[in-house]
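Accompanying notes for the structure given below.
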Amino acid sequence: MLESVLKTGTEAGFATVEAFVEKAVRQEVSGSEGPLALHEARGHRLAVRAFRETGDPLGFGLSAPDARQVKRAFAEIAAASAVDRRKNFAQLLPRGASRCRLDIFDPGIEAWDEGQAADLRERLRECLVSFPGLRLKRFQLTRELKKVYLANTRGFEAKYKKTLYQVQAWFQGRDHQLALAESRTHWRNFDPQRLAARGANLLGALGAEPEALEAGVEFIVMSPEASAQLLKEFSPWLKLDRPGTRERAVAASSRVSILDNPALDQQPGSVPFDDEGTPAAEKYLLNKGVAAAAASDIRTAFEQGGVSSGNGFRDEGGVFPAVRFSNLFFKPSNSSLARLLERAGSGVLVYLAKRQGPGRLPGETRFAAHGYRFAGGEVTRPLQFRLAFSMRSYLLHVAEVSRELRFFHSRANVGSPYLLLQGRRDESGALRV
């Protein structure tokens, strides 16, 4: 099909044509106490980007493409385009596909059945015996098989298959409910015990009453989940398509390196090439505290006089790529969590940070932090307190990074180890970094 789309585009008068096809099968199994209900959806979409010799590209998308629709769509965009003499970036589209063998497809998806979802729900319930007071209120498992095809008239043609399984669990603990999700490319990698422990830790922290911290509390350990949550919130500053990116270069502690790497095996954000054909490769956005590069696609890199970092992805139903992350994460070290707690002596371990609004200082954000006190290497009672920082102050005050890297997937796949930060308590009892 791709070959015929490219041919139709050139016959319509376009100098360069790019065609992107995605076929997806998505099944969702969900329920509470009784039998699980099954829902299925299938998708087939075509996105086309077409360039004249000069000027911005034109494009269209079709959800059920056939030859007649494709020909009509090319005729419509050709008729609608005006003369534009500006140089475009068509010559930067890749000419050939480089090989990148990734383990992101689970062949067992072909033999998968609904009973496996019910079995996982039962194993998760069995794990809850270790966490008194914790109940599973609702369970949902989504599995998706995605096939991606990409080609352009410069000679590029490639494809890949990818599987994704996501478990969502709604937990009840005393007066609080919490929905958690875990995503995996392979079915065998789900760990019900870890999901149950994660729910218990978060619900335990949510149960604490808000309080002001006493004088002397200065060390904060951010859990991988809390740290990944904040990295996702601050991530727009790591993209080249954000206005003023170069003027506001990110700086951080020498302990901090932030990478985006789509070439990781068995990670939900991994792909062998982005939606423009740029091959998957590790790239440092921050390297030991120094801004190394910013994430870009071909268009934004062209506008800045550079080359794409391989972060050009289409959102669901989108025609044109935009700058998005694949697997964005803090680089881990060789230190353990025990080492971070030992170095701090005492402080607070944050499991969840909920944004509340702007802080008192320019660029600062306030959060309600939920976690636990720790002292002498032991985690003690739950705690809720106020936390305030800017992205710059947060990254500058990272004193140590652990080795326990964990990813959390929600549209983007964001990961982090534990981070040790040194802050200060202000007159209101909030912690600032």
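The values are calculated or read from the model by the stated rules, or taken from the named source; none is laboratory data. Worth saying up front: this structure is predicted, and the values here are computed from it rather than measured. Quick reminder, even Gly has a Cβ in these numbers, built from the backbone with ideal geometry, and neighbours come from all protein chains shown. Heavy atoms of the whole protein, side chains included, go into the accessibility calculation; ligands, DNA and RNA do not. Shrake-Rupley method; radii C 1.70, N 1.55, O 1.52, S 1.80 Å.
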I need the peptides 290-302, 229-241 ranked by packing, meaning the mean over residues of other C-beta atoms within 10 angstrom, with the highest value on top. 290-302, 229-241
If each K or R counts +1 and each D or E counts -1, the residues other than ASN152 whose Cβ falls under 12 Å of its Cβ total -2
If I model segment 210-367 as equal point scatterers sitting on the Cα atoms and use the Debye formula, what is log10 I(q)/I(0) at q = 0.11, 0.15, 0.16, 0.20 Å⁻¹? -0.54, -0.94, -1.03, -1.39
Surface accessible to a 1.4 Å probe, per residue, for the residues of the chain, Å²: 47 Å²
How about LYS159: which lysines have a C-alpha closer than 28 Å to its C-alpha, ignoring those fewer than 8 places off in the same chain? LYS7, LYS23, LYS71, LYS146, LYS147, LYS239, LYS283
Debye, to nearest 20: dipole size of the chain, +1 on Lys, Arg Cβ, -1 on Asp, Glu Cβ: 580 debye
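What ranking do 352-364, 370-382, 193-205 get when scored by the average of other Cβ atoms within 10 Å per residue, highest first?
Details: 352-364: 13.5, 370-382: 16.3, 193-205: 20.2.
Going by the mean number of other Cβ atoms within 10 Å, highest first, we get 193-205, 370-382, 352-364.
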Pairwise over distinct Cα atoms, reciprocal of the mean inverse distance: report the Kirkwood radius of segment 1-78 in Å, one decimal place. 14.3 Å
So GLU211 and TRP112, fully extended at 0.36 nm per residue minus their Cα-Cα distance, gain in nm 30.8 nm
In deg cm²/dmol, rounded to the nearest 500, the helical mean residue ellipticity at 222 nm of the chain, built from -39500 (n - 2.57) for every DSSP H run of length 4 or more, is -6000 deg cm²/dmol
What net charge is computed for the residues neighbouring GLU400, neighbours being all others with C-beta under 9 Å from the C-beta of GLU400, Lys and Arg scored +1, Asp and Glu -1? +3
Neighbourhood charge, 12 Å Cβ-Cβ cut-off, centred on ASN287 and excluding it, Lys, Arg +1 and Asp, Glu -1: +3
Provide, for q = 0.09, 0.13, 0.14 Å⁻¹, the log10 of I(q)/I(0) from a solvent-free Debye sum over equal Cα point scatterers in the chain. -0.67, -1.19, -1.29
Just how many % of Cα pairs in segment 71-210 lie over 20 Å apart, if you round to the nearest whole percent? 65 percent
Sorted by mean Cβ packing within 10 Å, highest first, what order do the peptides 305-311, 1-7 take? 305-311, 1-7
Percent of accessible area on the chain owned by carbon and sulfur, 1.4 Å probe? 48 percent
Please report the projected area of segment 70-119's Cα convex hull averaged over all directions, in nm². 8.6 nm²
Charged-residue dipole, Cβ positions (Lys, Arg, Asp, Glu), segment 39-156 about Cα centre, Debye nearest 20: 580 debye
Could you pull the Cα extents of segment 290-433 along its three principal axes, largest to smallest, in whole Å? 52, 36, 31
Of all beta bridges DSSP finds with both residues in the chain, what is the antiparallel percent, to the nearest 5? 90 percent
In segment 365-433, what is the volume of the convex hull around the alpha carbon atoms, normalised per residue and reported in Å³? 130 Å³
Let's test this: bin the Cα-Cα distances of segment 296-359 at 5 Å from zero up to the farthest pair and state each bin's percent. 3, 12, 12, 12, 11, 11, 14, 11, 9, 4, 0
Enumerate the aspartates and glutamates that LYS288 could reach by cross-link, defined here as Cα to Cα under 17 Å, with residues fewer than 8 away along the same chain left out. ASP260, GLU400
